[in-house]
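The values are calculated or read from the model by the stated rules, or taken from the named source; none is laboratory data. Worth saying up front: this structure is predicted, and the values here are computed from it rather than measured. For neighbour counting, all protein chains shown are included, and Cβ atoms are generated from backbone atoms with ideal geometry for every residue, glycine included. Protein only, heavy atoms only, side chains kept; ligands, DNA and RNA dropped before computing areas. Shrake-Rupley method; radii C 1.70, N 1.55, O 1.52, S 1.80 Å.
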Amino acid sequence: MTLFAVLLGGNLTVTPRLRGQIAGARIIAADSGMRHAASLGVTPELWIGDFDSAGSRLFAQYEKVPRQSHAVEKAATDGELAIAHARAQGAEQLVLVGGLGGQADHVLGHFGLALRLAGDGIVSFISSGDEEAHPVLSGDMALDLPPDTRLSIVPFTNLVGLSLFGVKWPLVEHDVPLGSTLTLSNVAEGRVLIGLEAGYAMAISYPA
């Protein structure tokens with residue numbers, strides 16, 4: 001499957017797990033997300049954005065990377081434009097690198113983007129290295145997490161028939177209303193199996 005990594009603004013801690021997750025990926029940077037390229041040891045094939053937050057030092061450091069420029073006043077974030085480009089290039093899997101921490105509006109927007117990608121059948125997740133966010137839709141999915149990883153399922157709708165296995169506190173076809181904190185701060189015991197009859201949520205983990 002064609003794997004892309006999109007470098008977003010936000011916090012980043014480079015871990016061996018993250019390096020493994022983006023190994024072999026095609027890399028696209030979205031505006032200030034380019035600052036993560038050096039710490040990851042990668043050179044993006046394309047730099048997309050309005051470049052209002054990139055800074056002159058990044059411009060000088062990556063002057064040879066092709067750029068796709070957009071107006072500051074536009075109908076999508078630089079991250080969404082970078083994701084759209086990756087999809088146009090045939091992306092079947094996406095790792096959104098960074099994108100957590102910082103401004104809450106952008107973080108929640110990234111959650112929405114990940115949920116939409118999942119709805120379109122594209123496997124994706126967001127990672128800042130020490131924090132990961134995976135979209136959860138109706139159906140079954142598995143997460144491979146190190147033992148003792150803190151794991152939360154944050155509902156974005158009422159959840160119908162949520163099942164969790166491979167965790168300290170499992171659930172079997174449990175309904176979780178929007179706003180409930182029941183499924184926060186569970187503990188993974190290794191491979192986690194998630195089943196959901198209806199609704200959508202984000203599975204947020206701290207594997208580092």
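To the nearest ten degrees, helix 78-88 and the longest principal axis of the Cα atoms of the chain are 80 degrees apart. Counting protein heavy atoms only, the stretch 149-208 has 57 percent of its accessible area on carbon and sulfur, 1.4 angstrom probe.
Using just its DSSP H runs of length 4 or more, each adding -39500 (n - 2.57), the chain gives a mean residue ellipticity at 222 nm of -6000 deg cm²/dmol after division by all residues. In the stretch 1-117, taking the dipole from charged Cβ atoms about the Cα centre, the farthest positive-side position among V14, G101, S53 is held by V14.
Rounding to the nearest 10 and keeping the result within 0 to 90°, find how far the Cα-based axis of helix 104-119 lies from the longest principal axis of the chain. Approximately 70 degrees, to the nearest 10.
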